[in-house]
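Trainee: Sharing a structure with you now.
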Amino acid sequence: MNNKGMTLVELLITFSLLMIIVVGMFNLILDVKMDLDDKQIGKDISEYSNFLNSDIHYELITRRPIAIAIKTTPSGNWNIKYNTIYDNDEDCGTEENPIPCGINGDNFRVDSTYKDGTKTVTITGTKNIANVCSNFFPCAVYTYYDSQAVNNQGQASAIFKVIALNMNVTENNGYGVKYNNMFEEMPHYDQIDVVKTRTSMKFEGDFFVINYPVYITDDNTNYGFKIAYPVSGIAKIQTNNEEDND
């Protein structure tokens, strides 16, 4: 008898083969998608790191800070270095009321002069730094002046800025960097390997160093950045022995 139809066994075999092919293709597509997702995560974090690296580095080089202060933990001490291209006064008060420059209590004070071309500029200012780090550590505060804001008497106000690194996820913030009064949140921070990602700020010889390594889980590529700002004009060092409550 010539049976042109398919038997039940043939249908089962055909269906089984189709299922094997479909499952295989699905796994292949899933692997490709995961690979593309990983590459996109790496790309996004690399762009984030490159932005911060170039912006912060450019700011330091062009502003030439008068002083830089670093605090690595909430209960730690401030460590300050002064740039010797400026004439940095040690007293930021008056004869009747002398007040030390640098960090005294919660205040960061400077009284410096700088020979800018043919004129001498006097830079003074005070910043309350009790909460400037937003409890993100390590944290650095640096001060500089704007040459376009010098008045007719050759005076300028000191400007203070903060760079703070956060690697503790809180209710309001993920991992990221506080800079220019903004918190730049790291993209895809839920994919970060926190054990490998250990940030730091310190003075190494004549350099102010920010190390911000970023590793994605199950990936040995470092997507972070490192800034080594040469401050060869910096010589005098002050350590604030008072503990501040940030």
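The values are calculated or read from the model by the stated rules, or taken from the named source; none is laboratory data. No experiment lies behind these values; they were computed from the predicted model shown. A quick note on method: Cβ atoms are made from the backbone with ideal geometry, for glycine too, and the neighbour counts reach across all protein chains shown. Calculation scope for accessible area: heavy atoms of the full protein, side chains included, ligands and nucleic acids excluded. Shrake-Rupley method; radii C 1.70, N 1.55, O 1.52, S 1.80 Å.
Trainee: Quick one: Asn135 ticks every box in (1) open to solvent by 30 Å² or more (accessible area, probe 1.4 Å); (2) over 30 Å from Asn173 (Cα atoms) except a single one, so which number is it?
Mentor: Going through the list (1) open to solvent by 30 Å² or more (accessible area, probe 1.4 Å); (2) over 30 Å from Asn173 (Cα atoms), Asn135 breaks only (2).
Trainee: Now a separate question. Looking for whichever is modelled with pLDDT under 85 and more than 30 Å from Cys101 (Cβ to Cβ) here; the options are Thr197, Thr170, Thr221, Thr239. Which one fits?
Mentor: Thr170
Trainee: Could you list, in sequence order, the residues of segment 133-149 that are in a loop (DSSP other than H, G, I, E, B) and touching a Lys or Arg at 6+ places or on another chain (Cβ under 8 Å)? Steps first, answer last, please.
Mentor: Taking segment 133-149 as the starting set, the residues that turn out to be in a loop (DSSP other than H, G, I, E, B) are 133-138, 145-146.
Those that are in a loop (DSSP other than H, G, I, E, B) and touching a Lys or Arg at 6+ places or on another chain (Cβ under 8 Å): Cys133, Ser134, Phe136, Phe137, Pro138.
Trainee: What's the total number of residues in segment 76-95 that are in a loop (DSSP other than H, G, I, E, B), farther than 13 Å from Val110 by Cβ and either touching a strand residue (DSSP E or B) at 6+ places or on another chain (Cβ under 9 Å) or at pLDDT 90 or above (or both)?
Mentor: Residues in segment 76-95 being in a loop (DSSP other than H, G, I, E, B), farther than 13 Å from Val110 by Cβ and either touching a strand residue (DSSP E or B) at 6+ places or on another chain (Cβ under 9 Å) or at pLDDT 90 or above (or both): 5 in total.
Trainee: Which one of the conditions (1) assigned to a loop (DSSP other than H, G, I, E, B); (2) in contact with a helix residue (DSSP H, G or I) (Cβ under 8 Å, 6 or more places away or on another chain) does Lys161 fail to meet, given that it meets all the rest?
Mentor: Looking at each condition in turn, Lys161 falls short on (1).
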